[in-house]
There are 2 protein chains.
Amino acid sequence: MALVHYPVVNKNGEVIASAVTNLDLHDISRSAKTYGVRSFYVVTPLTDQKELVEKIVLHWLKGTGARYNPKRREALELISIKDSLDEVIEHIREQTGDSPKTVVTSAGHNPRNIGFRRLGEMLEDGTLYLLILGTGWGLSEKFMSEADYMLNPVLGNTDYNHLSVRSAAAIILDRLFGKKE
Amino acid sequence: MALVHYPVVNKNGEVIASAVTNLDLHDISRSAKTYGVRSFYVVTPLTDQKELVEKIVLHWLKGTGARYNPKRREALELISIKDSLDEVIEHIREQTGDSPKTVVTSAGHNPRNIGFRRLGEMLEDGTLYLLILGTGWGLSEKFMSEADYMLNPVLGNTDYNHLSVRSAAAIILDRLFGKKE
């Protein structure tokens with residue numbers, strides 16, 4: 001999985017680099033660990049933001065946090081910090097010898113969207129997939145158009161469609177990998 | 001739904017009142033709104049914590065937050081602050097003329113647990129249910145034993161069983177009410 005802070009859009013649709021949110025790191029890494037995700041990439045080109053992520057992760061990996069809550073360490077160990085999606089893909093290629101297919105998620109509808117069941121079936125043949133989540137008001141249009149696949153938005157049973165990225169990540173993983181009882 | 005900050009246990013199993021986490025309010029109210037939950041009760045007996053919740057909610061309901069992000073307002077409107085679960089049940093009784101059946105959630109296994117499918121079926125007959133989530137290291141044993149039902153833990157496909165309460169709330173609502181494609 002990758003959580004992207006650039007290029008995303010703000011409320012007015014402008015492309016920005018969003019700030020890293022501490023609880024995104026904790027919640028999404030714990031969900032990733034729960035559902036057997038291999039790596040959780042935090043993508044930001046901003047030096048101060050990369051340093052912040054490193055500081056948080058190190059606190060839980062080697063600092064007092066590691067002693068206080070070893071289960072948190074197991075989850076945050078999944079995190080790698082990268083400048084860009086290209087760097088993420090390069091890293092996966094180095095680690096596995098293979099390039100992942102990219103799957104973007106968004107709250108919007110698009111004719112290219114595929115359903116959760118379809119993606120679940122695709123995951124079964126051993127192909128590497130990289131699930132990409134956007135922060136802020138979502139991934140930029142251009143970024144999304146370059147992905148191999150776009151996943152359906154997570155819908156509830158109302159027309160309110162404004163989940164946090166942390167909640168959306170948890171639900172997407174559960175729909176793909178969860179034991180339903 | 002209710003998010004309970006007392007009586008919950010800490011890491012050492014002692015009964016405590018936990019501190020309110022800002023993002024619990026945001027994430028869980030947005031998930032609740034997405035899945036058509038009627039009310040989201042934040043339960044804490046601590047005066048300073050109640051004041052904090054009130055301050056956060058008012059910022060998004062009437063302050064600059066309401067203008068900045070009206071969608072956030074729609075979600076946070078679901079929040080009511082109560083001292084105890086008894087007060088929550090009394091409030092529901094006043095509002096609806098009916099007492100809810102209580103359903104507690106936890107990360108643990110218990111012979112009394114019911115599955116998600118079973119609860120989904122039970123929800124269809126129009127009975128009022130109150131889904132209760134614990135903060136900290138979970139609801140106290142005594143508190144759980146007094147509930148009408150206990151729901152299965154949310155399991156992934158690994159033996160890592162440490163989701164955040166925000167993620168667990170999102171997944172539980174999606175399992176009960178989500179449209180799966």
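Just so you know, all these numbers are worked out from the coordinates, no wet-lab data involved. This one's a predicted model, so the numbers in the text were calculated from it and none came from an experiment. Don't worry about glycine lacking a Cβ; one is built from the backbone with ideal geometry, like all the others, and counts go over all protein chains shown.
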How many percent of all Cα-Cα pairs in segment A:55-138 sit more than 17 Å apart? 64
Can you work out ³J(HN,Hα) from phi for every residue in segment A:100-113, in order, using Karplus 6.51 cos²θ - 1.76 cosθ + 1.60 and θ = phi - 60°, giving whole Hz and x for Gly and Pro? x, 7, 9, 10, 9, 10, 7, 7, x, 8, 8, x, 7, 4
When the dipole is taken about the Cα centre of chain B, and only Lys, Arg (+1) and Asp, Glu (-1) are charged at their Cβ, what size is it in debye, to the nearest 20? 680
Quick one: divide the alpha-carbon radius of gyration of the protein assembly as shown by 2.2 N^0.38 Å and tell me what you get. 0.98
Cα gyration tensor shape for segment B:1-91, rounded if a/c is under 1.5, else prolate or oblate: prolate
Answer in debye to the nearest 20: the dipole magnitude of the protein assembly as shown about its Cα centre, from +1 Lys/Arg and -1 Asp/Glu charges placed on Cβ, is 0
At R0 = 35 Å the Cβ-Cβ FRET efficiency linking B:Arg117 and B:Glu90, nearest 0.05, sits at 0.65
Give me B:Thr47, B:Thr96 ranked fewest to most by other Cβ atoms within 10 Å of their Cβ, as a rough exposure proxy. B:Thr47, B:Thr96
So, in Å, what gap is there between the alpha-carbon centers of segment A:12-56 and segment B:108-159? 31
For peptide B:20-30, what's the mean number of Cβ atoms from other chains within 10 Å of each residue's Cβ? 3
Tensor-based shape of chain A (alpha-carbon gyration tensor, a/c under 1.5 rounded, otherwise prolate or oblate): rounded
To the nearest 500 deg cm²/dmol, what mean residue ellipticity at 222 nm is calculated for chain B from DSSP H runs of n ≥ 4 alone, each contributing -39,500 (n - 2.57), summed and divided by the residues? -12500 deg cm²/dmol
Take the alpha carbon gyration tensor of segment B:28-77, find the square roots of its eigenvalues, order them as a ≥ b ≥ c, and report rounded if a/c is under 1.5; if not, report prolate when a/b exceeds b/c, else oblate. oblate
Pseudo-spin-label distance A:Glu181 to B:Ala19, built 7 Å along Cα→Cβ, given in nm, is 4.2
